[in-house]
1. Going through the range 7-37 one residue at a time, which ones are in contact (Cβ under 8 Å) with a residue 24 or more places away in the chain, assigned to a helix (DSSP H, G or I), in contact with a helix residue (DSSP H, G or I) (Cβ under 8 Å, 6 or more places away or on another chain) and not hydrophobic (A, V, I, L, M, F, W, C)?
2. Output the qualifying pairs, or none if there are none: Cβ atoms under 8 angstrom, residues six or more apart or on different chains, first residue in the range 87-98 and within 14 Å of L111 (Cβ to Cβ), second residue of a type in the set (F, W, Y).
3. Look at the range 81-134 and say how many of its residues are of a type in the set (S, T, Y) and either closer than 21 Å to Y61 by Cβ or touching a Phe, Trp or Tyr at 6+ places or on another chain (Cβ under 7 Å) (or both).
4. Of (1) in contact with a helix residue (DSSP H, G or I) (Cβ under 6 Å, 6 or more places away or on another chain); (2) assigned to a helix (DSSP H, G or I); (3) more than 30 Å from V124 (Cβ to Cβ), P40 satisfies all except one. Which?
5. Check I107, I91 and return the single one that is closer than 24 Å to W6 by Cβ and exposed (fewer than 15 other Cβ atoms within 10 Å of the Cβ).
6. Please enumerate the residues belonging to the range 1-35 that are over 13 Å from G78 (Cβ atoms), at pLDDT 95 or above and hydroxyl-bearing (S, T, Y).
7. For the range 110-133, what are the residues that are of a type in the set (A, V, I, L, M, F, W, C) and either under 23 Å from V10 (Cα atoms) or surrounded by 14 or more Cβ atoms within 10 Å (Cβ to Cβ) (or both)?
Amino acid sequence: MKDSKWMNYVLKIAAFYNILWGAWVVLFPQHFFELTGMDPLNHPMIWQGMGMVIGVYGLGYWWASYAPLVHWPIVAVGFLGKLFGPMGYVINYFSGAAPAEFGYTLITNDLIWWIPFALILRAVHQKRNWKLTV
């Protein structure tokens, strides 16, 4: 299977972004909350744990960038996280558990990746000629 160069670049950019964002959250866990005017965290280690997970996703994207159509499960897991994260935020926002300012994280962590990740997964589907049967 031949990968398109844009897939390699998208995943390398996603890797770089996720590793940087993860490091920022781990090293400076209160900074995002200060920037947005939200209350500081009582338990920053939970936020730091999230930063570590996001950083590890970055490593996965980097490795997947060498053959996105082969390493598509990494892209699929990332895409699911980029779908479920905003869904969780919306549920928590409307229940009053999450402030609107927290939604800023969704723009660069999730929303901008929906289209390129979906296109990579679509290319996998087309290359493998999978038939969906019920």
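1. Residues satisfying the conditions are K12, Y17, N18, G22, T36.
2. Y89/F102
3. Number satisfying all stated conditions: 3.
4. (2)
5. I107
6. Listed by number, the list holds a single entry, Y9.
7. L111, I112, W113, W114, I115, F117, A118, L119, I120, L121, A123, V124
Residue-wise test of (1) closer than 17 Å to G103 by Cβ; (2) hydrophobic (A, V, I, L, M, F, W, C).
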residue	(1), (2)
A15	no, yes
N42	no, no
M52	no, yes
Y61	no, no
S65	no, no
P73	no, no
L83	yes, yes
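The values are calculated or read from the model by the stated rules, or taken from the named source; none is laboratory data. All values reported here derive from a predicted model rather than from experimental measurement. Don't worry about glycine lacking a Cβ; one is built from the backbone with ideal geometry, like all the others, and counts go over all protein chains shown.
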